[in-house]
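The values are calculated or read from the model by the stated rules, or taken from the named source; none is laboratory data. Remember, it's a predicted structure, so these values are computed and weren't measured experimentally. Backbone-built Cβ (ideal geometry, glycine too); neighbour counts: all protein chains shown.
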Amino acid sequence: MNYLVLARKWRPQSFNDVIGQEHVVKTIANAIKMNRVAHAYLFCGPRGVGKTTAARLLAKALNCDKGPTPEPCGQCDPCREVAAGTSIDVAEIDGASHNGVENVREIRENAKYLPHRDRHKIYIIDEVHMLSGAAFNALLKTLEEPPGHVKFIFATTEPQKLPDTILSRCQRHNFRRIPAARILQRLKEIGKAEGADLSETSLALIVRQSEGSMRDALSLLDQVLSACGSSPTDESVSEALGAIDPRIVHRFTEALVRRDAKGLLEQSEEAYNRGIDPKKLAEEIASQLRHLFVAKALGEAPSELAEAEQAPVLALAREADVAQLARMFDVVHSFVIDASRSPQPRIAFEMSLLSATQLAPAASIPELVEKVERLSAVVSNPEPKRIGAPGGRSDQPSFRA
């Protein structure tokens, strides 16, 4: 049998399996229960967060032999065919390659006819923002008053490119980036089921690279298992992903906080020999400084960090000063902005870090105000010093310049 990638193998098959989009799932499930299903839906949000999956699940829920139901059986012919993408009454259309007015006219003509077998004829148009202006205009009338057996489900990552006339005819649902903790937990479950033994640090690195996309996280996990086997080390995972080892980033921030110029140059030499891009490394260091700032300000490590990464961050945050961390972040972030214009990025990177170690200690505004008030009090009311006369004591105060 052909290998099925993890993103397809572990695709949610029911609304209960959808992660991080409970606000959308609940609304759709209630609409089905109350028989208030709209004729057109717009699912918008970042890539890989479940828009097309939710569209398929809605199609299954509407056409299931036991439906319409928010819990499709998954065993009947309509459910199995929708899951496999072979249903004759559920058309999945790529808006990027079928963006012409003739494609929409074909949809309009076919929509007039009753479904071949199922309850509804459903059109799922992915990346709908890629349709041409003429195609949108041709779709308007059908979208506003479609036949009772027709449902439209649009998915897009760029809803701002859709005409207002289309937006006003759809029930819109905004999909969110999936929280890192939810992705991490799901990867643990899938890794265990696949017989993979990955550390939490490795999984956390995959989660960071996925940027809130469950599909991207599963694709990266697939890549790691193909490159490193079922028991990869943290270092091999970093190499497989082309990412920077979190331990290297932590050593850089440790040297920054401790003003260790020699350590910074040694780490920079090692990073250069490994072929690490200075700009990318600076971005990771800036992110780590942000984690330290949060840990120092709140007294706890950021929730997006893995448990294995939280203890070192908290320990280093105790050594750091909040104002100093903010100033270091400004210096490193400035290099990130200017890196693309630098003819010698490595030298500019090293000078930025070295200058960050030479920043004068900063005091908070309340501390500065308190110091000024103390000095002002001393100047206004100097304490008199008594000088005793020969043979006795004098009660007259005497001041020395």
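Considering only segment 189-224, state which residues are of a type outside the set (G, A, S), buried (at least 20 other Cβ atoms within 10 Å of the Cβ) and over 20 Å from the mean Cα position of the chain (by Cα).
Scanning segment 189-224 gives a single hit, L198.
Can A111 be described as on the phi < 0 side of the Ramachandran plot and under 31 Å from the mean Cα position of the chain (by Cα)?
no
When R259 is evaluated against the numbered criteria (1) basic (K, R); (2) within 15 Å of L354 (Cβ to Cβ); (3) out of contact with any Ser or Thr (no Cβ under 6 Å at 6 or more places or on another chain), which criterion, by number, is the only one it fails?
Of the numbered conditions (1) basic (K, R); (2) within 15 Å of L354 (Cβ to Cβ); (3) out of contact with any Ser or Thr (no Cβ under 6 Å at 6 or more places or on another chain), the odd one out for R259 is (3).
Could you count how many residues in segment 297-325 are among the charged types (D, E, K, R), surrounded by 14 or more Cβ atoms within 10 Å (Cβ to Cβ) and touching a helix residue (DSSP H, G or I) at 6+ places or on another chain (Cβ under 7 Å)?
Counting residues in segment 297-325 that are among the charged types (D, E, K, R), surrounded by 14 or more Cβ atoms within 10 Å (Cβ to Cβ) and touching a helix residue (DSSP H, G or I) at 6+ places or on another chain (Cβ under 7 Å) gives 2.
Which condition breaks for S340 when tested against (1) surrounded by fewer than 14 Cβ atoms within 10 Å (Cβ to Cβ); (2) more than 22 Å from K280 (Cα to Cα); (3) modelled with pLDDT of 80 or more?
Against the list (1) surrounded by fewer than 14 Cβ atoms within 10 Å (Cβ to Cβ); (2) more than 22 Å from K280 (Cα to Cα); (3) modelled with pLDDT of 80 or more, S340 comes up short only on (2).
Six or more apart or on different chains, Cβ under 6 Å: which pairs go from a residue in segment 79-92 that's more than 18 Å from A54 (Cβ to Cβ) to one that's part of a helix (DSSP H, G or I) and modelled with pLDDT of 90 or more? Could you list them?
Pairs found: none.
Name the pairs whose Cβ atoms lie under 6 Å apart, with the first residue in segment 327-345 and farther than 11 Å from L256 by Cα and outside the structural domain of E269 (by TED's automatic domain parsing), the second of a type in the set (S, T, N, Q) and modelled with pLDDT under 90, and 6 or more positions between them or separate chains?
As it stands, the answer is none, since no pair meets every condition given.
Can you pull out every residue in segment 1-46 that is free of Cβ contacts under 8 Å to residues at least 40 places away in the same chain and buried (at least 16 other Cβ atoms within 10 Å of the Cβ)?
Residues satisfying the conditions are V18, V25, A31, I32.
Quick check on P68: is it out of contact with any Ser or Thr (no Cβ under 9 Å at 6 or more places or on another chain), assigned to a loop (DSSP other than H, G, I, E, B) and either at pLDDT 90 or above or in the same structural domain as D164 (by TED's automatic domain parsing) (or both)?
When the stated conditions are applied, P68 passes them.
Among the numbered criteria (1) part of a helix (DSSP H, G or I); (2) under 27 Å from G212 (Cβ atoms); (3) not aromatic (F, W, Y), which single criterion is violated by L62?
L62 satisfies all of (1) part of a helix (DSSP H, G or I); (2) under 27 Å from G212 (Cβ atoms); (3) not aromatic (F, W, Y) except (2).
Name the one entry in D126, D118 that is closer than 13 Å to F43 by Cα and touching a residue at least 40 places away in the same chain (Cβ under 8 Å).
None of the others qualify; the one that does is D126.
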